[in-house]
Amino acid sequence: MRKRREWIVAAVIGVLLLAPIGITGYSALITGRQAAVTELERLTSHVQRQAAGTRAQIDAAVGALNAETTYAPCTPSQIQQMSRLLAGSTYVQGLGYVRNNALVCSTLNNIQQTVALGPADQIGPDGSKTWNGITLPSIPGIQFNISATNGHAAITVPDLVGATLDIDGRISLAQIGIGSGTWFRTKGVFKPAWLERYQGDAITFSDGDYLVDMHPSDDGQFAALAAMPISIIDEYVERALRDKLPLGVLIGLLLAGTAGLIARRQLSGERRAGKSQDQSRAGCLAQNA
């Protein structure tokens, strides 16, 4: 009977020791994953704001060029006007003029040099055209996106998405044109299957390799995307474990130690009571003899 009781006490102490460790471990898992999701949503929000800012600056600059009738396209005076419109622009790197699917002039290219663009990658309802991954001979090694309305064009650098953010290089960011599936601004690695999951509403999902967060722009023309490798999420969980697990171990040790002390005193009392009974019984037997 006593042995059984000791086994029960040992089991209870084991549960009290391990339960806090298990609970804090599970808490660390949830906390780490939530921290990763929060960071992903922050990055997506940044890309959204950048997409809105890019669109606003493109519309403002190209709209000003289309509204101006004083300067003929590609004259030195218009090139100067383009340069003035670029002052203070954070998202638009250049302005130019497109005719017959060719960049005739720009603030980035030699005014005499025409760059063939080929068919547009995207044509909007208003007739605006977008070309992606364009290389200018005067600036080798950099790819540009060109968005033109009525000939006047804004030139942006896709790789600048998230450039102002200090983030892990394994994280992917993008601004996506809805309908065309065009990657307007990109950073990192992307999978076409991610876009297939997008139905126009905000969505967060995992494909087994990445945790992906996508949000639409206010006008529905763009979607912002941020994708984080599962390995980074594991690192978030590991950091949470390092922060929380020592506390769980300490609580477990305190509970187990307290329970052990109580049980030891209880069992010690039972042993003394049993010993006293044995001595009394022995005394009675001696008197009867």
If I filter region 109-129 for residues that are loosely packed, with under 12 Cβ neighbours inside 10 Å, touching a Phe, Trp or Tyr at 6+ places or on another chain (Cβ under 8 Å) and under 28 Å from GLN221 (Cα atoms), do I get at least one hit? yes
Please work out if VAL157 is of a type in the set (A, V, I, L, M, F, W, C) and over 22 Å from ALA51 (Cα atoms). no
One residue is enough: does region 69-83 have a residue meeting the conditions under 36 Å from the mean Cα position of the chain (by Cα) and of a type in the set (Val, Ile, Thr)? no
Among all residue pairs at least 6 apart or on different chains, which show Cβ distances below 7 Å where the first residue, located in region 150-176, is basic (Lys, Arg) and the second is at pLDDT 80 or above and surrounded by fewer than 19 Cβ atoms within 10 Å (Cβ to Cβ)? ARG170/PRO229; ARG170/ILE232
Within 13 Å of THR149 (Cβ to Cβ), of a type outside the set (Ser, Thr, Tyr) and surrounded by 18 or more Cβ atoms within 10 Å (Cβ to Cβ): which single residue out of VAL98, VAL104 fits that description? VAL98
Exactly one of these conditions fails for ARG99: (1) touching a Pro at 6+ places or on another chain (Cβ under 9 Å); (2) modelled with pLDDT under 90. Give me its number. (2)
Scanning region 187-228 for residues that are surrounded by fewer than 21 Cβ atoms within 10 Å (Cβ to Cβ), among the β-branched types (Val, Ile, Thr) and assigned to a strand (DSSP E or B) gives ILE203, THR204
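In region 38-51, what residues are surrounded by fewer than 18 Cβ atoms within 10 Å (Cβ to Cβ) and over 21 Å from ILE232 (Cβ atoms)?
Of everything in region 38-51, just one residue is surrounded by fewer than 18 Cβ atoms within 10 Å (Cβ to Cβ) and over 21 Å from ILE232 (Cβ atoms), namely ARG49.
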Among the numbered criteria (1) out of contact with any Ser or Thr (no Cβ under 9 Å at 6 or more places or on another chain); (2) farther than 25 Å from SER172 by Cβ; (3) among the small types (Gly, Ala, Ser), which single criterion is violated by ALA35? (2)
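The values are calculated or read from the model by the stated rules, or taken from the named source; none is laboratory data. Quick caveat: nothing in here was measured; it's all calculated off a predicted structure. Positions of Cβ are backbone-derived with ideal geometry, glycine not excepted, and every protein chain shown enters the neighbour counts.
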